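Single-structure report; data block below.
The values are calculated or read from the model by the stated rules, or taken from the named source; none is laboratory data. Because the structure is predicted, anything quoted here is derived from the model rather than measured. Here the Cβ positions follow ideal geometry from the backbone for every residue, glycine too, while neighbour counts run over all protein chains shown. What goes into the accessible areas is simple: the full protein's heavy atoms, side chains included, and nothing from ligands, DNA or RNA. Shrake-Rupley method; radii C 1.70, N 1.55, O 1.52, S 1.80 Å.
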Amino acid sequence: MSEKPDGMTIAAIVLIGLGAVIYGSLALMAVLVGFALTFPFGLLGVLIFGLPAIGVGLLLLKVVMDRLNDPEDRHYSRDIHQ
């Protein structure tokens, strides 16, 4: 599967990436403004919502790293899936 992506695929990936960056920055800005406006209670909100989100992110990162480092998956992708 060494197929090169065409122009439409590259354009779609770039647009999705730009949208994710813009959405992520605005969401982060909203969180920071909300945190600044409600300081004492904002810390409690960060603990309640932030720690589980960090845990899910770490698990997702672990899954991706396990997939990238598994020789059996690499063998399947290279030899069998074609």
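Quick look at the numbers
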| read-out | value |
| --- | --- |
| Criterion (in a helix (DSSP H, G or I), within 20 Å of the chain's Cα centre (by Cα) and more than 30 Å from residue 3 (Cα to Cα)) met by exactly one of 42, 34, 55 | 55 |
| Condition broken by residue 2, with the remaining ones in (1) at pLDDT below 90; (2) among the hydroxyl-bearing types (Ser, Thr, Tyr); (3) surrounded by 10 or more Cβ atoms within 10 Å (Cβ to Cβ) satisfied | (3) |
| Cross-chain or 6+ apart pairs with Cβ under 9 Å, region 4-31 first and in a helix (DSSP H, G or I), then of a type in the set (A, V, I, L, M, F, W, C) and surrounded by 10 or more Cβ atoms within 10 Å (Cβ to Cβ) | 31/46 |
| Flag if residue 70 is open to solvent by 70 Å² or more (accessible area, probe 1.4 Å) and modelled with pLDDT under 90 | no |
| Failed item, numbered, when residue 36 is tested on (1) in contact with a helix residue (DSSP H, G or I) (Cβ under 9 Å, 6 or more places away or on another chain); (2) surrounded by 10 or more Cβ atoms within 10 Å (Cβ to Cβ) | (2) |
| Filtered residues of region 58-80 (kept if hydrophobic (A, V, I, L, M, F, W, C) and more than 27 Å from residue 3 (Cβ to Cβ)) | 58, 59, 61 |
